Every structure is written in C-alpha cells, then in structure tokens.
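*Asks:* I'd like to ask you about the structure that follows.
The values are calculated or read from the model by the stated rules, or taken from the named source; none is laboratory data. Since we're looking at a predicted model, the values are computed, not measured. FYI the Cβ positions are ideal-geometry reconstructions off the backbone, even for glycines, and counts take in every protein chain you see. With ligands, DNA and RNA removed, areas are computed over all heavy atoms of the protein, side chains included. Shrake-Rupley method; radii C 1.70, N 1.55, O 1.52, S 1.80 Å.
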Amino acid sequence: MQKKDVVKEERGSFRGTIGFVLAAAGSAVGLGNIWRFPYLAARDGGGLFLVVYIVLALTFGFTLLITEISIGRKTKQSPLTAYMHISREWKWIGYFQCLVPFLILPYYCAIGGWVLKYFTAFLTGHGDDAAEDGYFGDFITGRTAPGIYMFIFLAICAVIIYMGVSGGIEKSSRIMMPVLVVLVIVVAVFSLTIKNDDPARGVVTGIDGLKVYVIPSLKGITLKRFLLIVMDALGQLFFSISVAMGIMIAYGSYMPDDSNLVKSVNQIEIFDTVIAFLAGVMIIPAVYVFMGPEGMNGGPSLMFVSLPKVFAQMGVLGNAVGTAFFAMVLFAAVTSAMSILEAVVSSLIDGFGMSRKKATVIESLIALVIGLVVCFGYNIFYFKVDLPNGTTGQILDILDYLTNNLLMPFTCIATCILIGWVVKPDTVIKEATRNGEHLGRKWLYIVMIKFIAPAFLLVLLLMSMGIIKLAD
Ligand code: PHE
C-alpha cells in the first residue's frame with residue numbers, strides 16, 4: 001500500500017449531518033460560554049449585550065463559520081494543509097491554523113483538570129470544602145494534584161480522538177451534548193426557583209436576578225460605552241465559535257458532501273448562543289440571590305471561587321446542584337478540548353502522513369509536557385507578567401494572550417483577505433451551496449468577508465496590543 005492510500009484510509013468522516021452539528025457545537029460550547037458570557041452580559045447592560053451579541057452572531061459569526069467549514073470541506077484537508085490547496089502563496093496561513101491549537105491544547109487541558117477536580121469533589125460529597133477560602137489557590141499551587149487531574153482530562157480526550165472521527169468524536173458528541181443540554185436546563189430552572197432572605201436587601205429571588213440579566217439596561221450609556229459593549233461581544237463571539245483555531249477546518253473536512261452546510265452553520269450558532277444564554281440563567285440568578293450584583297465576576301474565580309460558595313449556601317441540595325453543574329462544565333470542556341486536539345492530529349496525519357494512532361499519541365505527549373509546565377507556572381516556575389492588554393498573569397495567561405489576542409485575530413484577518421480579495425468569495429459560496437442550497441445572506445457574506453470582518457478583527461487586534469484603548 002502506498003503512503004497516499006494510508007492517508008486516505010485514515011481520513012475519517014462524520015456519518016451524518018446531526019453528528020457533525022453536535023460535534024461542532026460541542027467544540028463551540030466550552031468554558032467561554034460558561035464563565036465569560038454571563039459575566040460580560042451582567043457587566044454590559046444585560047439584555048443590551050444579548051441583542052448586540054445575537055446581531056453579531058448572525059453576521060460576523062455566520063461569515064467566519066461558513067468560511068472555515070467550507071475551506072475544510074472543499075479541500076478535504078487538515079488546517080495545516082488546507083490553505084495550500086486554496087492558494088500556494090497563502091499556504092502559510094495553515095501553519096498558524098495549526099500553531100494556535102497546538103498552543104491552546106496544553107493550557108485548556110490544565111483548566112480541564114481543575115474542572116475535573118471540582119467535579120470529583122462535589123461528586124464525592126465534598127462540595128463544602130470547595131467553598132472554603134483558599135481552596136482554589138491551595139489546589140492550583142500544589143505540585144502534583146493539578147498535573148494528575150490534567151493528565152486524566154487529556155487522556156479522556158486522547159482516547160476519543162484515537163478512536164477516530166465517527167467512532168470517537170461523533171459517537172461521544174452524540175452522547176455528551178444531549179446530556180449537557182439536559183443538565184443546563186435542570187440547573188437553570190433550579191436557579192430561578194431559589195430565594196434568600198437577605199438582611200440588607202430583603203427577600204431576593206432568582207427571578208429578580210433573571211431580570212437583571214435579560215432586561216436591557218441603557219443606564220449611563222454613551223457612544224464610547226456602547227462601542228466597548230460591541231467589542232466585548234465581538235471578542236466573546238470570536239472565541240466562542242471556535243474559528244481561527246483550525247478546528248472548523250478539520251471538522252469541515254469530515255463533513256459529508258451532501259450535508260446542508262448553511263443550515264448546519266445556523267444550527268451550530270443557535271446551539272452555541274442558546275447554551276451561553278442558559279449558562280447565564282444558571283449562574284446570574286444564583287449569584288445575585290446569594291451575593292448580590294457585586295458577586296458577579298468572570299473567568300476562573302467565578303467558577304472555582306464564587307460558585308462553590310453559592311452552592312454551599314443552597315443547603316442540602318447544594319452538593320447535588322454543584323455535581324450537576326460541574327458535570328456539565330466537564331462535558332463542555334471535553335468536547336472543546338478534543339476538537340482542539342483533533343485540529344493538530346489531523347494536521348499530523350495530512351501533513352506528515354502519520355497514522356491517526358501515532359499522531360494522537362505524539363501530540364498528547366507533547367501537550368502533557370507543556371501542560372505540566374503550565375501547571376508548574378503556579379509554583380515552581382511562578383512569575384508574574386504584565387500583558388499589553390492591561391492584565392497580569394502566569395504562563396497560562398501568556399499562552400492565552402498569545403493565541404486569543406494576537407495569533408487568532410491575525411490568522412483570521414489573513415483568511416478574510418485570502419477569501420475576500422485573492423481567490424474571491426465565490427470560492428466559499430460555491431462550496432457552501434454545492435447541493436443547490438439557498439444562501440439567503442449572500443450579499444451580506446460578501447460585504448462581511450471583504451470589509452467588515454477584517455476591519456472588526458483589526459480593531460480587536462489593536463485593542464489586544466494596547467494600541468487602541470476603549471476602557472476608561
Ligand atoms: N468555544 C470554545 C470555548 O468557549 C473555544 C475553544 C474550543 C477553546 C476549543 C479551546 C478549545 O471554550
């Protein structure tokens with residue numbers, strides 16, 4: 001058998017459109033939906049943020065998703081090798097589409113390990129310990145535990161990827177995604193039913209918290225603040241739909257030719273946005289009832305510090321709700337991490353002719369080593385750096401900054417120029433409508449990919465670099 005045949009044999013495919021949509025939605029729904037979306041919404045005028053986000057999803061998000069999935073399906077190639085089949089001179093974009101997931105995987109797995117630790121703590125009835133001050137800090141500064149949990153998390157993802165596209169990714173997504181939806185709904189409904197008699201604020205209910213979340217607030221709105229809200233929503237959307245990480249190209253390359261690509265993109269976006277919205281319904285009322293509006297923060301401290309305290313205040317039910325919550329977060333994190341592993345593995349398969357099994361083992365081992373360095377960033381290798389976007393952090397934050405704030409917008413701008421100006425939007429439109437599907441927003445696609453999307457991304461990039469400053 002020639003090398004080419006080996007590669008062909010290894011190149012799997014999703015069995016059906018639903019499998020593809022669930023897998024892609026699984027990638028899109030991740031930690032960002034849970035710990036960042038609700039926080040931004042609470043900070044940025046509640047319903048106002050939601051409206052801005054939805055408008056951007058239907059225009060900007062739609063354009064970028066269609067583009068990457070079409071590139072994947074048209075070329076049937078990995079992120080690394082797809083671009084050279086579009087244009088020889090622009091094949092370098094592929095190197096970035098492969099570098100980004102390579103850099104994200106280790107730190108995403110480190111965080112996945114934290115989620116696994118909390119899930120285990122709640123599952124074994126130790127949720128109350130997790131609510132103690134200092135629990136999170138003690139855990140991540142420990143030398144062995146974070147590495148072990150990260151290893152287990154990474155191993156789960158590796159086993160799924162090792163089993164292939166339809167046998168691993170599709171099968172596991174078909175199980176995990178429906179369970180995730182059920183868990184989100186259960187916790188969200190519960191969150192709306194809670195109430196607390198607060199000495200300072202009187203009786204506060206979950207519905208009061210919901211109002212803060214969904215009713216648009218125009219208080220103190222100025223043009224500058226509105227622009228800031230738009231940029232917050234844009235940055236969040238960009239990260240949330242998993243573009244510029246190689247993932248959608250890899251998954252697109254496994255999408256059946258007769259699947260309706262336009263419809264699938266709409267479904268992925270609806271899935272991603274609805275789960276992000278429901279994450280807010282789970283989190284905001286609960287935090288509001290027990291901690292007030294000041295309790296709402298974003299990022300790791302929301303999930304690993306504030307929420308365990310909220311669960312502890314729920315009394316006997318708290319441990320069960322916490323278990324359901326962290327199970328749901330774990331599913332969201334696994335389906336995202338496995339997609340990012342697949343982006344690299346598919347590149348090794350297509351670019352270097354490796355077998356899937358060998359590629360999975362090699363990349364997982366590399367991610368393990370870098371992941372351990374990330375974990376040691378909180379003890380042995382501890383240092384603090386100021387980043388150009390105004391935040392400070394450790395190794396994890398540096399990797400996050402490098403990928404999310406610099407490499408991803410840059411890669412995506414390059415893709416917009418290639419498709420919009422060099423090979424022309426018709427390349428993507430033809431692929432997206434290859435079975436005679438109707439692309440209702442065709443003119444919108446052309447305007448977005450040529451002008452608006454790259455302009456937005458450039459502003460995002462300049463803001464990350466600290467060159468444009470919108471915040472006060
Ligand atoms: N959309 C994902 C999230 O919200 C983004 C992501 C996917 C990040 C895969 C890392 C890996 O978490």
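*Asks:* Lysines near Lys195 by alpha-carbon distance under 18 Å, same-chain residues fewer than 8 away left out - which ones?
*Replies:* Lys211, Lys309
*Asks:* Going by average Cβ density within 10 Å per residue, which order do the peptides 379-390, 122-133 take, highest to lowest?
*Replies:* 122-133, 379-390
*Asks:* Can you divide the C-alpha Rg of region 1-135 by 2.2 N^0.38 Å and report the result to two decimal places?
*Replies:* 1.43
*Asks:* Another question about this same structure. With +1 on the Cβ of every Lys and Arg and -1 on the Cβ of every Asp and Glu, and nothing else charged, how large is the dipole of the chain about its Cα centre, in debye rounded to the nearest 20?
*Replies:* The dipole of the chain has a size of about 1200 debye.
*Asks:* Which semi-axes, in whole Å and largest first, does the equivalent ellipsoid of region 411-472 have when worked out from the alpha carbon gyration tensor as the square roots of 5 times its eigenvalues?
*Replies:* Its equivalent ellipsoid spans semi-axes of 29, 12, 8 Å.
*Asks:* Of Leu406, Leu396, which has the most accessible area with a 1.4 Å probe, and how do the rest follow in descending order?
*Replies:* Highest to lowest solvent-accessible surface, that is Leu406, Leu396.
*Asks:* On a 1.4 Å probe surface of the protein chains, which of Lys195, Lys442 comes out largest in accessible area, and what is the full order?
*Replies:* Greatest to least solvent exposure: Lys195, Lys442.
*Asks:* On to the next question. Over region 3-464, what percent of the accessible surface lies on carbon and sulfur atoms, probe 1.4 Å?
*Replies:* 67
*Asks:* Helix-only estimate, please: 222 nm mean residue ellipticity of the chain, summing -39500 (n - 2.57) across DSSP H runs of length 4 or more and dividing by its residues, to the nearest 500.
*Replies:* That comes out to -21000 deg cm²/dmol.
*Asks:* Translational D (Stokes-Einstein, µm²/s) of the chain at 4 °C and 1.567 mPa s when Rh comes from the Kirkwood sum over C-alpha pairs?
*Replies:* Answer, rounded: 57 µm²/s.
*Asks:* Same structure again: Can you give the accessible area of Leu372 in Å² (nearest 10), computed on protein heavy atoms with a 1.4 Å probe?
*Replies:* Surface accessible to solvent at Leu372 totals approximately 60 Å².
*Asks:* Could you name the aspartates and glutamates whose alpha carbon sits less than 17 Å from that of Lys263, not counting residues in the same chain fewer than 8 places away?
*Replies:* Glu68, Asp272, Glu431, Glu437
*Asks:* Over region 97-141, one equal point on each Cα, no solvent: what is log10 I(q)/I(0) by the Debye formula at q = 0.19, 0.24, 0.30, 0.31 Å⁻¹?
*Replies:* For the requested q values the scattering log ratios are -0.64, -0.83, -1.05, -1.08.
*Asks:* Pick out the long, greasy-scoring helices in the chain: whole DSSP H runs spanning 27 Å or more along their own axis by Cα, mean Kyte-Doolittle at least -1.0.
*Replies:* Membrane-span-like by this rule: 92-123, 171-193, 261-291, 318-352, 356-376.
*Asks:* Excluding ligands, DNA and RNA, what is the solvent-accessible area per residue of the chain at a probe of 1.4 Å, expressed in Å²?
*Replies:* Accessible area per residue, the chain: 39 Å².
*Asks:* Next up: Calculate the all-directions average of the projected area of region 162-313's alpha-carbon convex hull, and give it in nm².
*Replies:* With the hull built on Cα positions only, its mean projection is 12.2 nm².
*Asks:* Which FRET efficiency value, to the nearest 0.05, is calculated for Leu223 and Leu317 with the Förster distance at 35 angstrom and r the Cβ-Cβ distance?
*Replies:* 0.20
*Asks:* Additional query: Take peptides 348-354, 224-230 and line them up by average Cβ neighbours within 10 Å, highest first, as a rough protection proxy.
*Replies:* 348-354, 224-230
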